[in-house]
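Structure provided below as structure tokens; questions to follow.
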Amino acid sequence: MARFPKPPEGSWTEHYPELGTDPVSYEDSISPEFYEKERRAIFKRAWLNVGRTEQVPRKGSYFTKELKVASTSIIVVRTTSGEVKAYHNICRHRGNKLVWNDMPLEETSGVCRQFTCKYHAWRYDLDGNLTFVQQEGEFFNLDKSRYGLVPVHCEVWEGFIFVNFAKEPEQSLREFLGPMITALEGYPFDKMTSRFYYRSEVKANWKLYMDAFQEFYHAPVLHANQSPTAYSKAAAEAGFEAPHYRIEGPHRLVSTSGVRAWEMADEMRKPIEDICQSGLFGPWDKPDLGEMPPGLNPAKCDPWGLDSFQLFPNFVILFWGQGWYLTYHYWPTSYNTHLFEGTVYFPQPRTPRERIAQELAAVSFKEYGLQDANTLEATQSMIESRVLDDFLLCDQEVLIRHLHKETAAWVEDYERKTAGV
Ligand code: FES
Ligand SMILES: [Fe+2]
């Protein structure tokens, strides 16, 4: 807490001297060898968010998650006792993928009382116990109690389901999240059940897309054609700067003040925004969500725009001042590709007008996101040329320094531990 809030003097970056101010290398985003290290050092050791408890609302509800970065597929299920558990999605007989629908490599979800393998019909209950073997007498000394599904460490925080592929996680989920994230407890996540989801394959390293969403330096330029000209010009001239950055452990936060769309001059809005009373910043009608948790809006902005919490390694929760939130996931699929997932959450709409306002916010958000992704593919293709190896970061890009430094630190820590030093 010593570093909070910003000191009266100096830049944000100077406030975190361990980050330095030198140009940075992007070798960590173009090297296949480094990517293999990240998989072992980070994605098989850190807590990874794979979804929310609303996706498994009742006993027997399940979903699968394909996690190429960890070379596995998992099943997340609500058990008979109401717990959420996770297993590797592999049958103990001859290794078939246990749960899938028509396409073996696609994710699926549903409700069941047990999992039955499609190959020879072995069955497992919701707690992962092997309960039935076809023609069991044909096997030799088979002790079913030793052949349950392989569990994955799974913990839930505020309805967010996290898994950890380490044999023994080095920290509990709460310890890993730390005080900056746990100060979000009490946000009404469980009331935000109107959900919009999209995913996209992006031909860029996963960290490049995280970088795009942890600075707003680009916003008035890259998104200029999407905002009415008067607005983006004004934002560029004002030298938009976030009022608050914070780094704690492996996680980061950026907070910005807001604009009240309906108070802006008419020419700054698109006609559809007036018709639907909504836009990128969310529906104009703000739902009453009650008191906000202490961890939100740390700079006490009024109006407050948004807080973007970047949870290491690849998960973002972004809260909008207008009373909704969204999440981003960046799942690496190779050193220069990843799967991006965006999920937008609102309270249940009470009227068609509210529903349409939510839809406009969701599609505006998707349009902006895809515009960012487009640029990343252009960036990835050129940094891979290795023509340049030092890139300049300004003070508004302080969080980018931290992500790359933290990534390197996890890799170094892992190499030190596995070298037995
Ligand atoms: S592989 Fe699953 S029952 Fe044979
Ligand atoms: Fe952007």
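Suppose only helical runs count, i.e. DSSP H with n ≥ 4. What mean residue ellipticity at 222 nm does that imply for the chain under -39500 (n - 2.57) per run, divided by all residues and rounded to the nearest 500 deg cm²/dmol?
-7000 deg cm²/dmol
Fewest Cβ neighbours within 10 Å first, please rank ILE90, ILE272, ILE42 accordingly.
Lowest to highest Cβ neighbour count: ILE272, ILE90, ILE42.
So between ASN96 and LYS405, what do we pick up on full extension, going 0.36 nm a residue minus the alpha carbon distance? Show your work: numbers first, answer last.
Details: separation 309, 0.36 × 309 = 111.24 nm, distance 3.93 nm.
In short, 107.3 nm is gained.
Starting from the Cα of GLU54, move 7 Å in the Cα-to-Cβ direction to define the label point; list residues of segment 173-214 whose amide nitrogen is under 14 Å from there.
Within reach of a label on GLU54: 187-198.
Continuing with the same structure: Measure off 7 Å from each Cα along the Cα-to-Cβ vector at MET382 and GLU33, then give the distance between these two points in nanometres to one decimal.
2.7 nm
Moving on. Full extension from THR131 to GLU18: what is 0.36 nm times the residue separation minus their Cα-Cα distance, to one decimal in nm? Mind dumping the intermediate values first?
On the way: separation 113, 0.36 × 113 = 40.68 nm, distance 5.43 nm.
Full extension of this stretch gives 35.2 nm more.
Taking the alpha-carbon distance from LYS286 and a cut-off under 16 Å, which lysines remain once sequence neighbours fewer than 8 residues away in the same chain are dropped?
LYS191
Which ³J(HN,Hα) values in Hz, rounded to whole numbers, follow from the phi angles of segment 312-319 under the Karplus curve 6.51 cos²θ - 1.76 cosθ + 1.60, where θ = phi - 60° and Gly and Pro get x?
5, x, 9, 10, 10, 10, 10, 9
A further question follows. Within segment 48-164, how many Lys pairs sit with Cα atoms under 23 Å apart, leaving out pairs fewer than 8 places apart on the same chain?
15
Which parts of segment 322-361 would a label at ARG195 reach, counting a residue when its backbone N lies under 18 Å from a point 7 Å out along Cα-to-Cβ?
Residues 324-331, 340-349, 358-359 qualify, since their backbone N sits under 18 Å from the label point.
Calculate, for VAL221 and MET103, the FRET efficiency according to 1/(1 + (r/R0)^6) with r their C-beta to C-beta distance and R0 51 Å; round to the nearest 0.05.
0.80
Express in nm, to one decimal, how much length is gained between PHE139 and GLU415 on full extension, taking 0.36 nm for each residue of separation and deducting their alpha carbon distance.
Once the chain is fully extended between PHE139 and GLU415, it gains 95.1 nm.
Work out from phi, with θ = phi - 60° and the Karplus expression 6.51 cos²θ - 1.76 cosθ + 1.60, the ³J(HN,Hα) of each residue of segment 159-171, listed in order in whole Hz, and give x for Gly and Pro.
With coefficients 6.51, -1.76 and 1.60, one gets x, 8, 8, 10, 10, 9, 8, 5, 4, 10, x, 6, 9 Hz.
As an exercise, use a Förster radius of 51 Å and the Cβ-Cβ distance of ASP274 and ALA121 to find the FRET efficiency, rounded to the nearest 0.05.
Efficiency for this residue pair is about 0.30.
Laboratory data are not the source of any read-out in this text; all were calculated from the coordinates shown. None of the values given here were measured: they were computed from a predicted structure. All Cβ positions, glycine included, derive from the backbone under ideal geometry; neighbour counts span all protein chains shown.
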